[in-house]
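In what follows, a structure is listed as structure tokens, so that the remarks can point back to it.
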Amino acid sequence: MLADPVHPESKKIPLFEAFGVELEYMIVHENSLDVAPIADQLLRDEEGNPSEEIERDDIAWSNELALHVVELKTNGPVAQLTGLANRFQANVADINQQLGKIGARLMPSAMHPWMSPDQEMKLWPHGYNEVYEAFNAIFDCRGHGWANLQSCHLNLPFANDDEFGRLHAAIRVLLPILPALTASSPVSERQMTPELDHRLETYRHNADRIPQVAGNVIPEAVFTQADYEQKILQPIYDAMSPFDQAGVLRHEWANSRGAIARFQRNTIEIRVMDVQEQPAADLAICQLVVSVLEALTEERWASFRQLKKADTLRLRDILLNVVDDADETVIVDPGYLELFGWTKGTCTAGKLWRHLAEQFPLQEKPTAAALEVILDEGPLARRIVTALSGNLSGKLLPVYRELCDCLQAGRSFKPSEVKS
């Protein structure tokens with residue numbers, strides 16, 4: 001939801017004592033796998049009217065912007081990430097059962113491989129439409145940057161300014177290597193893209209008309225709420241005001257950096273992660289990310305002062321390299337590697353993640369198995385490229401049908417299991 005409740009001081013949650021997870025999926029026609037802009041047929045309230053959010057116990061279903069996308073999210077903060085993969089998987093099954101009655105199903109991965117946004121993009125026409133139309137008027141949401149990006153968002157709380165600063169410092173240094181685990185978007189408009197994480201490459205340009213909105217994707221080095229509002233949010237509001245005189249978009253969610261502070265609910269939302277082929281993979285990544293961030297905030301490998309000194313442009317350059325080559329990106333910056341306790345010279349992003357994962361083994365069998373596939377065989381984007389083996393005209397449909405089957409069954413995508 002775009003609107004934020006204001007939590008009283010007593011409700012503020014300390015670091016790593018609660019979490020929020022959001023997973024976005026495409027709705028596609030069952031046979032052709034073309035996008036199906038019918039989210040409003042799925043999202044109905046008790047009276048049968050279209051609703052932008054449906055609460056189903058601990059998981060909510062919702063839509064934001066694109067009519068062919070449905071978002072599954074924790075219905076409020078949860079105390080732990082363990083067990084969540086099964087809850088998301090059960091909701092995937094429920095949605096697919098409902099969509100199956102109208103000839104549709106869910107598709108995972110961060111970008112539809114042949115959607116043409118100019119022809120196929122439809123905005124959610126019901127609640128919050130004023131917000132979506134305001135975005136559309138400024139940025140033209142028919143491009144891939146608005147119409148064809150599915151991600152996993154991880155929300156982490158902070159209770160005060162000190163906790164915000166520590167969490168923001170840790171997230172800033174971790175963002176550049178996240179696509180090495182999460183990249184799942186190597187195809188767009190039936191073409192292999194230069195980047196394994198084409199969603200992020202597209203995402204960073206979706207607000208080029210107003211560059212202040214996304215900045216360098218890596219947030220600026222600010223570590224208090226006052227500095228954040230002055231140096232990040234206010235420049236966004238000032239730049240947008242000539243295009244948004246009614247102030248419809250004058251909210252902190254208009255910020256499109258790779259992690260954004262949500263002070264109205266005292267969280268930071270990580271937004272650089274492509275969605276995976278099954279919830280267990282997303283939750284495995286989230287659990288590992290939380291463990292690494294907790295270690296960073298506790299200064300396990302580097303002091304808070306060192307983390308704060310990490311240069312934004314230097315972090316951006318590492319991120320852009322990882323967007324291109326994901327796990328095979330060679331990181332040559334010893335100062336950056338030392339922030340994670342790596343002192344053995346240059347290494348690949350994949351090797352760095354293996355180094356981190358060995359320190360924080362996952363306890364749940366499904367998530368541990370899903371993470372092992374990523375660490376052993378590469379992120380989903382690399383496995384998709386392997387499965388396509390250069391034959392997009394012949395293999396695109398069966399590969400993405402297998403991805404849909406993986407989501408339905410709750411299993412990892414393996415190139416050898418694709419049916420021709």
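Filtering the range 1-35 down to residues that are in contact with a helix residue (DSSP H, G or I) (Cβ under 8 Å, 6 or more places away or on another chain), more than 20 Å from Asp274 (Cβ to Cβ) and among the aliphatic types (A, V, I, L, M), which residue is modelled with the highest pLDDT? Spell out how you get there, then give the answer.
Step one: list which residues in the range 1-35 are in contact with a helix residue (DSSP H, G or I) (Cβ under 8 Å, 6 or more places away or on another chain), which gives 2, 4, 14-16, 19, 21, 23, 25, 27-28, 30, 33-35.
Restricting the remaining residues to those that are more than 20 Å from Asp274 (Cβ to Cβ) gives 2, 4, 14-16, 30, 34.
Remaining after also requiring among the aliphatic types (A, V, I, L, M): 2, 15.
Numbers: Leu2: 36, Leu15: 98.
Per the stated criteria, the residue is Leu15.
Residue under question is Val70, and the condition is that it be surrounded by 22 or more Cβ atoms within 10 Å (Cβ to Cβ), outside any loop (DSSP other than H, G, I, E, B), in contact with a Cys (Cβ under 8 Å, 6 or more places away or on another chain) and touching a residue at least 12 places away in the same chain (Cβ under 8 Å); does it hold?
Taking the combined requirement at face value, the residue does not satisfy it.
The set of residues in the range 211-244 being within 22 Å of the chain's Cα centre (by Cα), closer than 27 Å to Pro117 by Cβ and surrounded by fewer than 19 Cβ atoms within 10 Å (Cβ to Cβ) consists of Pro211, Gln212, Asn216. If you go through the range 394-420 and keep only what is at pLDDT 95 or above, part of a helix (DSSP H, G or I), surrounded by fewer than 21 Cβ atoms within 10 Å (Cβ to Cβ) and not acidic (Asp, Glu), you end up with Gly394, Lys395, Leu396, Leu397, Pro398, Arg401, Gln408, Ala409, Pro415.
For the range 289-314, enumerate the residues that are under 20 Å from Lys365 (Cα atoms) and over 15 Å from the mean Cα position of the chain (by Cα).
Correct list: Ser291, Val292.
Counting only residues that are of a type outside the set (D, E, K, R) and over 11 Å from Leu181 (Cα atoms), which one in the range 371-390 is surrounded by the fewest Cβ atoms within 10 Å (Cβ to Cβ)?
So the residue we want is Gly390.
Each residue in the range 130-170 was checked for being assigned to a helix (DSSP H, G or I), closer than 23 Å to Leu72 by Cα and either at pLDDT 95 or above or of a type in the set (Phe, Trp, Tyr) (or both), and 3 pass.
Which one of these is over 28 Å from Gln287 (Cβ atoms) and small (Gly, Ala, Ser): Ala259, Ala214, Ala226?
Answer to the selection: Ala226.
If you filter the range 89-127 down to residues that are of a type in the set (D, E, K, R) and not in a helix (DSSP H, G or I), you find that the one that is modelled with the lowest pLDDT is Lys122. The residues of the range 319-335 include none that are touching an Asp or Glu at 6+ places or on another chain (Cβ under 7 Å) and over 15 Å from Ala183 (Cα atoms). Applying the criterion of at least 1 residues that are more than 29 Å from Lys11 (Cβ to Cβ) and of a type outside the set (Val, Ile, Thr) to the helices (runs of 4 or more DSSP H) found wholly in the range 175-289 leaves 179-182, 198-203, 234-240. Test Glu64 against the criterion of being out of contact with any strand residue (DSSP E or B) (no Cβ under 6 Å at 6 or more places or on another chain), crowded, with 19+ Cβ neighbours inside 10 Å and not polar (S, T, N, Q), and give yes or no. So Glu64 fits the description; yes. The residues of the range 191-235 that are at pLDDT below 95 and among the hydroxyl-bearing types (Ser, Thr, Tyr), listed by number, are Thr202, Tyr203. Here the condition is being more than 28 Å from Glu163 (Cα to Cα) and among the charged types (D, E, K, R); of Asp376, Asp317, Asp333, Asp311, it holds for Asp376 alone. Do we find a residue being among the polar types (S, T, N, Q), more than 28 Å from Pro157 (Cβ to Cβ) and surrounded by fewer than 16 Cβ atoms within 10 Å (Cβ to Cβ) anywhere in the range 87-97? Checked against the condition, which is being among the polar types (S, T, N, Q), more than 28 Å from Pro157 (Cβ to Cβ) and surrounded by fewer than 16 Cβ atoms within 10 Å (Cβ to Cβ), the range 87-97 yields at least one hit.
Looking at Trp353, is it more than 23 Å from Arg199 (Cβ to Cβ), modelled with pLDDT of 95 or more and among the aromatic types (Phe, Trp, Tyr)?
So Trp353 fails the test.
Residue-level check: of (1) part of a loop (DSSP other than H, G, I, E, B); (2) without any contact (Cβ under 8 Å) to a residue 40 or more places away in the chain; (3) farther than 30 Å from His29 by Cβ, Lys351 misses just (1).
Listed here are the residues, each with its yes/no results for (1) touching a strand residue (DSSP E or B) at 6+ places or on another chain (Cβ under 8 Å); (2) of a type in the set (D, E, K, R); (3) within 30 Å of Leu84 (Cα to Cα).
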position: Gln230; (1), (2), (3): no, no, no
position: Asp238; (1), (2), (3): no, yes, no
position: Ser241; (1), (2), (3): no, no, no
position: Val248; (1), (2), (3): no, no, no
position: Gly258; (1), (2), (3): yes, no, yes
position: Ala261; (1), (2), (3): yes, no, yes
position: Val272; (1), (2), (3): yes, no, yes
position: Glu277; (1), (2), (3): no, yes, yes
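Tell me whether the range 317-330 contains one or more residues that are on the phi < 0 side of the Ramachandran plot, touching a Cys at 6+ places or on another chain (Cβ under 8 Å), outside any helix (DSSP H, G or I) and of a type outside the set (D, E, K, R). Scanning the range 317-330, I find at least one residue that is on the phi < 0 side of the Ramachandran plot, touching a Cys at 6+ places or on another chain (Cβ under 8 Å), outside any helix (DSSP H, G or I) and of a type outside the set (D, E, K, R), so the answer is yes.
Matching residues to (1) surrounded by fewer than 21 Cβ atoms within 10 Å (Cβ to Cβ); (2) farther than 21 Å from Ala387 by Cβ; (3) free of Cβ contacts under 8 Å to residues at least 12 places away in the same chain:
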{"site": "Ala159", "(1), (2), (3)": "yes, yes, no"}
{"site": "Ser184", "(1), (2), (3)": "no, no, no"}
{"site": "Val187", "(1), (2), (3)": "no, no, no"}
{"site": "Gln191", "(1), (2), (3)": "yes, no, no"}
{"site": "Arg199", "(1), (2), (3)": "no, no, no"}
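Just one of the numbered conditions (1) closer than 22 Å to Val78 by Cα; (2) out of contact with any strand residue (DSSP E or B) (no Cβ under 8 Å at 6 or more places or on another chain) is not true of Ala310: (1).
The values are calculated or read from the model by the stated rules, or taken from the named source; none is laboratory data. Everything numeric in this text was worked out from a predicted model, so none of it was measured. Don't worry about glycine lacking a Cβ; one is built from the backbone with ideal geometry, like all the others, and counts go over all protein chains shown.
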